[in-house]
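The values are calculated or read from the model by the stated rules, or taken from the named source; none is laboratory data. Not measured: the values here are computed from a predicted model. Methodologically, a virtual Cβ is constructed for each residue, glycine included, from the backbone with ideal geometry; neighbour enumeration extends over all protein chains shown. In case anyone asks, the SASA skips ligands and DNA or RNA and just uses the protein heavy atoms, side chains included. Shrake-Rupley method; radii C 1.70, N 1.55, O 1.52, S 1.80 Å.
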Amino acid sequence: MSQLVAIVGRPNVGKSTLFNRLTRSRTAIVDPTAGTTRDRQYGKVDWSGRDFSIVDTGGWVVNSEDVFEGEINKQVELAIEQADVILFVVDAMNGVTDLDDHVARILRRSRKPVILVANKVDSNDWLYNVSEFYALGLGEPYPVSAVSGYGTGDLLDEVVKDLPEADGDDEQLEEIPKFAIVGRPNAGKSSLINSFIGEDRHIVTDIAGTTRDSIYTRYDKFGFDFYLVDTAGIRKKNKVNEDIEYYSVIRSIRAIEASDVCILVIDATRGIETQDVSIFSLIQRNKKGLVVVVNKWDLVEDKSQAAIKHYEASIRARFAPFVDFPIIFSSALTKQRIYKVVETAVHVYENRKRTVPTSQLNTVLQEDIAAYPPPSNKGKYIKIKYITMLKGAQVPSFIFFCNLPQWVKEPYRRYLENKIREHWDFTGTPVNVFMRDKSKD
């Protein structure tokens, strides 16, 4: 089940700092200026064997001079609507404010699990201020310091406890590939799905998804058998003022997490945009297979090989350093290369499941290592003795046993990954390269 946690609260309570702390990143911009966070940030959190998606939202404001106030507040409301658990962040230094009361009333109406986070408890002196937040009527406040990390472990324990467990319906789905059609609005996702299904709907079965908003559509024809993971049915028609770009990303989180391979649809008439890169980043963080489909190719005037190569180079440059994925130029309207998309998605799924015998790994890769050994460090040489593939991993994962694993830097790991991809077909799927101390084998 895909699980989403939203961080909400008024401006300057430390939401972005908490986001960075929980995701162990510096993705969100942190600045004392109110209203810094306007574009939403998305990340992954892994705690106690559970992982979930998390979204940072802008500060809730009322009657401010910020021209973006209305859009920020709408996006906060959308995050609350879609989240499984909400982290309501308040400032322990300043105490309860009118804006805190306003947000608390909204959260109480949502009937979602809400965890009250009293941030900026940077010393024991501020612990005494935490108790006044009981007045918000949202239960026990959790004192934390997003800057130092104080209390975040207990907070994550509570988050994991409140997250819904995987639905038993998932076990009823057959072990066949699950493909998600994702992309920004108006890229042609729905048209692509309609082209896949065609008129023969009698051999397509809709199965209620394990998440409340993902629908699995069984596709079983022309020798293929897989589920299409679609979220098209979750939009509420009465939400005419919603932020479409933001909502599409929230929906994409659900579809991506429920899939094995993501088919990322790009509009050929508009080229690759920031929203495409954001969705690609979500696919990468979730370690899913990837097929890029440049849709509406029938509307492009210049279809020469030079134009195609230029388009491919632009896409790979924006998605770097991961560039080993297929790109297909198609048209959902004319059904140009539609079945090539299906064939490629199945091939990427097979690549994710590919295993390489240990003997073959060592025979082939030891020659590449001998030809270009790891750089020495302070006169000491790194010797890679043994290579194996990790069984049961989410994505193809390779373990290199050596004497000084801590000295193997990222450029050499990338060299090893490139050599793996050169010898075996792992197109479209992420590959993990781990270095381990041979003495601990």
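Sequence-ordered 3J(HN,Hα) estimates for the stretch 3-15 from the Karplus curve with 6.51, -1.76 and 1.60 and θ = phi - 60° stand at 10, 10, 10, 10, 9, 10, x, 6, x, 6, 9, x, 5 Hz, glycine and proline given as x. Remark: the stretch 343-441 carries 56 Å² of accessible area per residue (probe radius 1.4 Å; ligands, DNA and RNA excluded).
Please work out how much length the chain gains when fully extended from residue 395 to residue 358, using 0.36 nm per residue of separation minus the C-alpha to C-alpha distance, in nm with one decimal. All intermediate terms of the calculation are to be shown ahead of the outcome.
Working: separation 37, 0.36 × 37 = 13.32 nm, distance 1.67 nm.
So the chain would gain 11.6 nm between residue 395 and residue 358.
Please report, to two decimal places, log10 I(q)/I(0) for the stretch 68-163 at q = 0.20 Å⁻¹ as given by the Debye formula with identical point scatterers on the Cα atoms and no solvent. Reported log10 I(q)/I(0), two decimals: -1.03. Between amide H atoms placed 1.01 Å from N, distances below 5 Å from residue 183 occur with 265, all of them 5 or more places distant or on a separate chain. Computed from backbone phi with θ = phi - 60° and the Karplus coefficients 6.51, -1.76 and 1.60, the 3J(HN,Hα) list for the stretch 328-336 is 10, 9, 9, 9, 5, 5, 8, 6, 5 Hz; x is used for glycine and proline. The spread of Cα positions in the stretch 242-399, taken along each principal axis and listed from longest to shortest, comes to 57, 37, 34 Å. Length available on full extension from residue 366 to residue 403: 0.36 nm per residue minus the Cα-Cα distance, which gives 11.8 nm. With all protein chains in place and a 1.4 Å probe, the accessible surface of the stretch 275-434 carries 53 percent carbon and sulfur.
Legend: translational diffusion of the stretch 303-395 by Stokes-Einstein, Rh = Kirkwood radius over C-alpha pairs, 20 °C, 1.002 mPa s; D = 123 µm²/s. Once the C-beta distance of residue 312 and residue 102 is scaled by a Förster radius of 51 Å, the resulting FRET efficiency is 0.55 to the nearest 0.05. Taking amide H as placed 1.01 Å from N in the peptide plane, the amide H of residue 432 sits under 5 Å from that of 397, 398, each at least 5 places away or on another chain.
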